[in-house]
């Protein structure tokens, strides 16, 4: 149970979106992993990894009170849809744990997101969901381009 009522509410809202994303990934064939709709676009598997990792990175910044730039080379994207599903599942568990630890003090603390952009942790938490929804919408289009009917954009949390 989150230590913040706001974080708990966010957790339930976020899970409705994450569960729909998990459902979409069960429908995508392995051949979709390397699909990219245009030159320079992320592949399906890379976009899943981006969603999973960036949501956690933003929330880790809220928890720590500061955003830290990633160091070194980014991890390679998953090679298969099975790997993408596994990555998303582990990231989902991590996100749930992060949200369950957030306090009102952390949500009220101002964080430097980028040079010249400072936001309270609650705004950063909301931005993490906005970012995820944006890219989730892209994946719905990718799925249709791969001939897959996506699920409803939200799902009831388990």
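The values are calculated or read from the model by the stated rules, or taken from the named source; none is laboratory data. As the structure is a prediction and not an experimental result, all values here were calculated from the model. All Cβ positions, glycine included, derive from the backbone under ideal geometry; neighbour counts span all protein chains shown.
Which of the residues that make up the range 14-28 are more than 13 Å from the chain's Cα centre (by Cα) and farther than 14 Å from residue 78 by Cβ?
Here is the first cut: in the range 14-28, the ones more than 13 Å from the chain's Cα centre (by Cα) are 23-28.
Answer for the range 14-28, where residues must be more than 13 Å from the chain's Cα centre (by Cα) and farther than 14 Å from residue 78 by Cβ: 23, 24, 26, 27.
Scan the range 21-43 for residues that are surrounded by fewer than 19 Cβ atoms within 10 Å (Cβ to Cβ) and in a helix (DSSP H, G or I) and jot them down.
22, 23, 26, 27, 30, 31
With at pLDDT 95 or above and under 23 Å from residue 147 (Cβ atoms) as the only criterion, which of 14, 38 stands out? Before you say what the answer is, go through the steps one by one.
Numbers: 14 fails: under 23 Å from residue 147 (Cβ atoms).
The conditions single out 38.
Only residues that are surrounded by fewer than 15 Cβ atoms within 10 Å (Cβ to Cβ) and in contact (Cβ under 8 Å) with a residue 24 or more places away in the chain: list them for the range 113-126, please.
114
So in the range 47-70, with the set limited to residues that are over 12 Å from the mean Cα position of the chain (by Cα), without any contact (Cβ under 8 Å) to a residue 60 or more places away in the chain and not in a loop (DSSP other than H, G, I, E, B), which one is nearest to residue 22 (Cα to Cα)?
So in the range 47-70, the residues over 12 Å from the mean Cα position of the chain (by Cα) come out as 60-70.
In the following step, the residues that additionally are without any contact (Cβ under 8 Å) to a residue 60 or more places away in the chain were identified as 60, 63-70.
Within this subset, residues satisfying the condition of being not in a loop (DSSP other than H, G, I, E, B) are 60, 63-64.
On the way: 60: 22, 63: 25, 64: 28 Å.
Checked the range 47-70; the qualifying residue nearest to residue 22 (Cα to Cα) is 60.
Looking at the structure I just gave you, is residue 6 surrounded by 15 or more Cβ atoms within 10 Å (Cβ to Cβ), more than 14 Å from the chain's Cα centre (by Cα) and assigned to a helix (DSSP H, G or I)?
Details: surrounded by 15 or more Cβ atoms within 10 Å (Cβ to Cβ): yes; more than 14 Å from the chain's Cα centre (by Cα): yes; assigned to a helix (DSSP H, G or I): yes.
When the stated conditions are applied, residue 6 passes them.
Are there helices (runs of 4 or more DSSP H) fully within the range 71-146 with at least 3 residues that are touching a helix residue (DSSP H, G or I) at 6+ places or on another chain (Cβ under 6 Å) and farther than 23 Å from residue 23 by Cβ? List them.
Numbers: elements: 81-101, 104-108, 121-145.
Correct list: 121-145.
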